[in-house]
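Each reported figure results from applying straightforward, stated rules to the coordinates on display, with no laboratory input. Owing to the predicted nature of the structure, the values given are computational and were not obtained by experimental measurement. For neighbour counting, all protein chains shown are included, and Cβ atoms are generated from backbone atoms with ideal geometry for every residue, glycine included.
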Amino acid sequence: MNLQLPSVVQAYFEISNGDDISRMAACFHADARVIDEKRCHQGIEAIESWQRAARQAFTYRVEPIESSGEGDQLSVTAMVSGDFPGSPLPLRHVFTLREGQISSLEIAP
């Protein structure tokens, strides 16, 4: 990654690209939520399950290309490429950070 991102956000992208899913617990608050493809995944177990399901469904790579932030929010545009329909696809990842962890993440085109 060429961007300077907070360590938890960088770790999230490393996990998305194949690193150990159990690292999610260190990145996300216990009550965190992820919204992806209009579905909400609440809590660490649900977030880990979401990540496992994505890996089983497709082979992909996520490369952050641009970021901007204000306050506790960080928006990262990432190019996602892989064996899924519409690849490659730029996706916007909007992170809300709290106490050095991710409290919410919304992923959308």
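If I filter segment 17-30 for residues that are at positive phi and either of a type in the set (V, I, T) or surrounded by 15 or more Cβ atoms within 10 Å (Cβ to Cβ) (or both), do I get at least one hit? No, that holds for no residue.
When you look at A78, is it surrounded by 14 or more Cβ atoms within 10 Å (Cβ to Cβ) and touching a residue at least 12 places away in the same chain (Cβ under 8 Å), yes or no? So A78 fits the description; yes.
Considering only residues in segment 50-109 that are under 12 Å from the mean Cα position of the chain (by Cα) and not in a strand (DSSP E or B), the one that is farthest from E37 (Cα to Cα) turns out to be Q51. Among the residues of segment 82-109, the ones that are among the polar types (S, T, N, Q) and exposed (fewer than 15 other Cβ atoms within 10 Å of the Cβ) come to 1 in all.
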